[in-house]
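A short write-up of the structure that comes next.
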Amino acid sequence: MPVFHTKTIESILEPVAQQVSRLVILHEEAEDGNAMPDLAVPVRAVKAAVDNLVRVGYETVNSSDDQILKQDMPPALTRVEESSLLLLDASDLLRADPYSGPARKKLIEGSRGILQGTSALLLAFDESEVRKIVRVCKNVLEYLAITEVVDRMEDLVTFVKNLSPVLTRMTKNVDAREKELTHQVHRDMLLRSLDQVKNLTPVLISGIKIFITAKQSGQGAVEAQNNRDYTVHKMSDEIHEIIRVLQLTTYDEEEWDADDLTVMKKAQNAIEGKMQSAQDWLQDPAALVGSAGDKALRQILDDARKIADRCTNRQERDAILKNVGDIESMSNALSELRQQGKGSSPQAMSLAREIQSKLRELQNQTSNAITSTERSGIRKPAPTVDGKVEQARQWLANPGIDDKGLGEAATRLVVDEGRRVANCCTGPQRQELLRLCDETEILTNQLSDLCRRGQGNTPQAKAIARNLSEKLAALKTKIQDALVSQVAEDFIDISTPLRQLSEAAVVPVGTPGREGNFEDKARNFQAHAQRLADTANSVATAGGCRNKQTVEAIFKNSAQVKDLTPQIVNAARVLFTNPNNQAAIEHFELLKKQWTDNMERLRGLVDEAVDTAALIRAEEEGILRDTERIEDGIRTVDSPLIVANASNIARRANRVLQVAEMEAQNSEDPLFVDRVNEASENLKATITPMVQNAKTLSTQPQNNAAANNWRKANQQLIGAVGGVREAVTVKGRDGYDERFPPPPDMDQLHISASLRRDHHMAPERAPAPPPVPPPPVPPPPQDMYGYYGYGREPA
């Protein structure tokens, strides 16, 4: 991990740090009795560099209007100057006495002083530069805050004209800052948020435009306003995140973003960022209910609840929640008075002042709660199932040791996750998961009861702990297998519900059943999006992915999908009520593109988080189920059934191609890449013939020749899918799966002659056992119709 957070600081301080390290080595050698060399020349060079640095520093201070910089930089400059004088004194003393102890001490103190002073100086300047970018970001936020008063096309033109230059400046500044950072995670955060702002900007302009036209027409104005407000809210959140990341200087690679303390700190940052807007709204008796300040106040209360939910101190949590409840009640009363035109009444003014006081109190309460939680050191269950299982295993290894209930809580949460995943499954997979959950819970109850009675170290408790550890491992595996199957099913088609909603939104006015059809398609789309987001979150939590950034990205993208889905419905409803409005069409298309981009990104992250071979195997099983349904369609002469399931087979084959392509792109092994690409090309060549034969079969399902042609093409597709699975299954040398080590060489096993004599063993050496055969590639799924053998030549 980089030591310095920007490339400029790193380029300046790294050579200084190396020189200090060299002086420390010389100091240590001198303590062993060696004489110090003459340092006059390098010390003079350092002194000249320091003098130049100090001169530039004071010039910067004098020319800057940043009061914080004027306060922070002079002490750092003074320290650098004083440290350089220590180096000169040390050099003079060492020239007179190469073994001088005081000289060596001055040398080390001066060197470290220069390093620390230069570091402080550069950090002060860097923070000043960051504050400049933050000011530009806040200028953009100020423009976003006035969108609610833009209600005419002339106002929109002026708004865009004023917003564009400041937004462009922010983008350039953040882009430049991103390239300057050394922490890749910080760079990724900035790029992600900046990309969101760039993508949302045309949606914002379009949203304001459609709001103006809908307001003038009197149709769809509420939905258009929701769209506009959502976009403003999302852009503001992303800019606040940019401001937060700009001010970061360190990063802990082991820190999970879902950690309670991290969530609390983010919520506190959000409270501080929105506090001024809320206070301004309270101070203005004429401020509108539902305006940006009112929304900021409500968001502060939501963030305070997040902090309260994660407090380790019950009293602090209860105090925050009570204060939040009081503020919410008073805010509702104030809103009613202002809606009645009584915002300047004594009662309303008194309420506003009391809310302001309570908001400041709430800010202090949440800050203190975060500090208390950080100091408590109380651990909570890990955010992922893998982490919870590891915490549980630590408890089960020593059940008699008091871990404050962490291991037991982690175990029960794994059981809860297993049941939640089981509810999304069907058939034997669901029954097996529920059985394992029940057995794990029973053993947990038994062990917990023994531990409460102080019998955690008894043989009985240890036996239960061993059994429970095995059950927990089996449950984790079953959860991950079930999630892979769920991913294979849910992500087979991400676009059809959105396409159907789009078609329903433009059905001509007067068409019978038009409204009912639109509402059905809207509900289907929302349920579809919710299911995909929930599945993605389950994969992040319980899918076994150990890549922190992938897990965080899944959570972030699934949240964006959930946020964007109702806005898609709103935009579709505006278009539904204004079918000939070009602005409504353009706005809907922009939101559709953003939703689709987010969903495709989410699908790629989910594919990255699960095991590729297991996902392809799950798709194979799905293809065989679809194949069975087509055979049912042939027997019952059901053409729609044939068409629907042939389409599913084609979609599943394309999903296999997607994950195989991702595997090839992520590999640096040319042989592996060539093997996967060749298998993918073979699969790609089988999809179109299968689809064409299925179309022919659907038009004449009783035609045996058409059925046999489709079966042959389908068998080739199934075989090609199996070929891709084999290609992506990583095997080591000698055919062994790299996840497991090969068996030991039994020829090297022998017993010494002395040991044979001691144990009266026969002198003959036993013959070596036969070599263990390599494990085969995992077999294809079971197949009722023998498609894996269909059309093959007999051996």
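The values are calculated or read from the model by the stated rules, or taken from the named source; none is laboratory data. None of these values were measured; they are calculated from a predicted model. In this analysis, Cβ positions are derived from the backbone assuming ideal geometry, glycine residues included, and neighbour counts consider all displayed protein chains. Protein only, heavy atoms only, side chains kept; ligands, DNA and RNA dropped before computing areas. Shrake-Rupley method; radii C 1.70, N 1.55, O 1.52, S 1.80 Å.
Among residues that are open to solvent by less than 70 Å² (accessible area, probe 1.4 Å), modelled with pLDDT under 90, of a type in the set (Asp, Glu) and within 25 Å of the chain's Cα centre (by Cα), Asp403 is not included.
Looking across segment 280-293, the residues that are outside any loop (DSSP other than H, G, I, E, B), in contact with a helix residue (DSSP H, G or I) (Cβ under 6 Å, 6 or more places away or on another chain) and either under 20 Å from Lys234 (Cβ atoms) or not aromatic (Phe, Trp, Tyr) (or both) come down to Asp280, Leu282, Ala292, Gly293. For segment 1-44, the tally of residues that are at pLDDT 70 or above and among the aliphatic types (A, V, I, L, M) stands at 9. Looking across Ala286, Ala292, Ala296, Ala270, one residue alone is among the small types (Gly, Ala, Ser), modelled with pLDDT under 90 and open to solvent by 50 Å² or more (accessible area, probe 1.4 Å). It is Ala286. Take the residues of segment 201-219 that are in contact with a Lys or Arg (Cβ under 6 Å, 6 or more places away or on another chain) and of a type outside the set (Val, Ile, Thr): which is most open to solvent (accessible area, probe 1.4 Å)? Checking each candidate, the answer is Phe211.
Taking the criterion of being open to solvent by less than 80 Å² (accessible area, probe 1.4 Å), of a type in the set (D, E, K, R) and either at pLDDT 90 or above or in a helix (DSSP H, G or I) (or both), the residues of segment 145-160 that qualify are Glu148, Asp155. Being more than 21 Å from Trp281 (Cβ to Cβ), out of contact with any Lys or Arg (no Cβ under 7 Å at 6 or more places or on another chain) and either modelled with pLDDT under 95 or open to solvent by less than 30 Å² (accessible area, probe 1.4 Å) (or both) holds for only one residue in Lys358, Lys306, and it is Lys306.
Hey, any hits in segment 627-639 for a residue that's out of contact with any helix residue (DSSP H, G or I) (no Cβ under 7 Å at 6 or more places or on another chain), open to solvent by 10 Å² or more (accessible area, probe 1.4 Å) and not in a helix (DSSP H, G or I)? Yes, some residue in segment 627-639 is out of contact with any helix residue (DSSP H, G or I) (no Cβ under 7 Å at 6 or more places or on another chain), open to solvent by 10 Å² or more (accessible area, probe 1.4 Å) and not in a helix (DSSP H, G or I). Only a single criterion out of (1) part of a loop (DSSP other than H, G, I, E, B); (2) crowded, with 21+ Cβ neighbours inside 10 Å is not satisfied by Ala572, namely (1). Could you tell me whether segment 171-185 includes any residue that is closer than 20 Å to Tyr143 by Cβ, crowded, with 20+ Cβ neighbours inside 10 Å and touching a residue at least 60 places away in the same chain (Cβ under 8 Å)? Looking through segment 171-185, at least one residue is closer than 20 Å to Tyr143 by Cβ, crowded, with 20+ Cβ neighbours inside 10 Å and touching a residue at least 60 places away in the same chain (Cβ under 8 Å). Evaluating Ala352 against the criteria (1) open to solvent by 60 Å² or more (accessible area, probe 1.4 Å); (2) under 16 Å from Ala286 (Cα atoms) leaves one unmet condition, (1). For segment 660-676, a residue qualifies if it is open to solvent by 70 Å² or more (accessible area, probe 1.4 Å) and assigned to a helix (DSSP H, G or I), and the qualifying residues are Glu661, Gln665, Asn666, Pro670, Leu671, Asp674, Arg675. In this structure, Gln394 does satisfy being open to solvent by 70 Å² or more (accessible area, probe 1.4 Å) and more than 16 Å from Val263 (Cα to Cα).
For every residue, the table says whether it meets (1) of a type in the set (Asp, Glu); (2) surrounded by fewer than 18 Cβ atoms within 10 Å (Cβ to Cβ).
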| position | (1), (2) |
| --- | --- |
| Ala584 | no, no |
| His587 | no, no |
| Leu591 | no, no |
| Gln594 | no, no |
| Asp597 | yes, yes |
| Leu605 | no, no |
| Ile616 | no, no |
| Glu620 | yes, no |
| Gln658 | no, yes |
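Applying a threshold of 6 Å to beta carbon distances and a minimum spacing of six or more residues, or different chains, the list of pairs starting in segment 684-696 at a residue that is within 14 Å of Ala720 (Cβ to Cβ) and ending at one that is of a type in the set (Phe, Trp, Tyr) and open to solvent by 80 Å² or more (accessible area, probe 1.4 Å) is empty. Is it the case that Ala120 is among the small types (Gly, Ala, Ser), at pLDDT below 90, open to solvent by 10 Å² or more (accessible area, probe 1.4 Å) and assigned to a helix (DSSP H, G or I)? It is true that Ala120 is among the small types (Gly, Ala, Ser), at pLDDT below 90, open to solvent by 10 Å² or more (accessible area, probe 1.4 Å) and assigned to a helix (DSSP H, G or I).
Only a single criterion out of (1) part of a helix (DSSP H, G or I); (2) modelled with pLDDT under 90; (3) not aromatic (Phe, Trp, Tyr) is not satisfied by Cys311, namely (1). Checking each residue in segment 529-546 for being surrounded by fewer than 21 Cβ atoms within 10 Å (Cβ to Cβ) and within 30 Å of Ala224 (Cα to Cα) picks out Gln530, Arg531, Asp534, Asn537. Residues in segment 696-705 that are assigned to a helix (DSSP H, G or I) and farther than 12 Å from Ile630 by Cβ: 4 in all.
Screening Gln549 on (1) at pLDDT below 90; (2) open to solvent by less than 40 Å² (accessible area, probe 1.4 Å); (3) in a helix (DSSP H, G or I) shows it passes everything except condition (2). Of all residues in segment 489-514 being in a helix (DSSP H, G or I) and without any contact (Cβ under 8 Å) to a residue 40 or more places away in the chain, which is surrounded by the most Cβ atoms within 10 Å (Cβ to Cβ)? The selected residue is Pro497. Picking from Gln431, Gln446, Gln455, which residue would you name as being open to solvent by 20 Å² or more (accessible area, probe 1.4 Å) and either under 29 Å from the mean Cα position of the chain (by Cα) or closer than 29 Å to Gly622 by Cβ (or both)? Matching residue, one of Gln431, Gln446, Gln455: Gln431.
Among the listed residues Gln340, Gln356, identify the single one that is of a type outside the set (Lys, Arg) and within 36 Å of the chain's Cα centre (by Cα). Only one candidate qualifies: Gln356. If you go through segment 535-551 and pick out every residue that is within 18 Å of Leu615 (Cβ to Cβ) and either without any contact (Cβ under 8 Å) to a residue 40 or more places away in the chain or not hydroxyl-bearing (Ser, Thr, Tyr) (or both), you end up with 11. So, in segment 366-381, how many residues would count as being touching a residue at least 60 places away in the same chain (Cβ under 8 Å) and open to solvent by less than 60 Å² (accessible area, probe 1.4 Å)? Counting residues in segment 366-381 that are touching a residue at least 60 places away in the same chain (Cβ under 8 Å) and open to solvent by less than 60 Å² (accessible area, probe 1.4 Å) gives 7. Quick one: in segment 414-428, which of the residues that are touching a residue at least 12 places away in the same chain (Cβ under 8 Å) and open to solvent by less than 70 Å² (accessible area, probe 1.4 Å) is farthest from Leu475 (Cα to Cα)? Ranking the candidates gives Cys425 first.
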